[in-house]
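Novice: Mind looking over this structure? Questions follow.
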Amino acid sequence: MEIVTKQITVEVNEDSPGTLAAVTGILSRHAVNILAMTASGNRRDGHVHFVVDHTDLAYNILSNHGYKVELEDVLCISVRNVAGALHKALQALAGYDINIEYIYAYAKESDGVAVIKCDGTSYATNILTTHFKEFRKE
């Protein structure tokens, strides 16, 4: 996966049981695989952020089902599953004055993945690929 990728953000008008399942069901019926996801809500409305294998298809399908959908650039970085690995990346971005809006991450066995919504994704990618070996594609 490229470091900069597209994320789909879906706005849901009702945060209630089954709302999230309705969105994932639409993607499932169209064979769109969810690679990463986070959701938040407040019982009135919510947002679901997805990284999927077929971004354009997912965007069109969800839009056609009446959802408000946005495409955004995010960083998707691989990190080693050891204490401090993610911290190094975040510290590097902070050191170059890059603001992180939000992050969601997962680690298993030796590797992990972090999806980061930040200012200046191209600049952030340059920082990580230039200065930190663990973020280079090899």
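Novice: So GLY66 clears everything in (1) assigned to a helix (DSSP H, G or I); (2) free of Cβ contacts under 8 Å to residues at least 12 places away in the same chain except one condition, right? Which one?
Specialist: Going through (1) assigned to a helix (DSSP H, G or I); (2) free of Cβ contacts under 8 Å to residues at least 12 places away in the same chain one by one, GLY66 breaks only (1).
Novice: Now for a separate question. Any residue at all in the range 73-88 that's in a helix (DSSP H, G or I), among the hydrophobic types (A, V, I, L, M, F, W, C) and modelled with pLDDT under 95?
Specialist: Yes - at least one qualifying residue is present in the range 73-88.
Novice: Take the residues in the range 89-128 that are among the small types (Gly, Ala, Ser) and part of a loop (DSSP other than H, G, I, E, B), then tell me which one is surrounded by the fewest Cβ atoms within 10 Å (Cβ to Cβ).
Specialist: SER110
Novice: Could you please give the count of residues in the range 4-43 that are modelled with pLDDT of 85 or more and assigned to a loop (DSSP other than H, G, I, E, B)?
Specialist: 5
Novice: Same structure again: Looking only at residues that are touching a residue at least 24 places away in the same chain (Cβ under 8 Å) and among the polar types (S, T, N, Q) in the range 34-51, which one is nearest to VAL113 (Cα to Cα)?
Specialist: THR38
The values are calculated or read from the model by the stated rules, or taken from the named source; none is laboratory data. Source: prediction; values computed, not measured. Backbone-built Cβ (ideal geometry, glycine too); neighbour counts: all protein chains shown.
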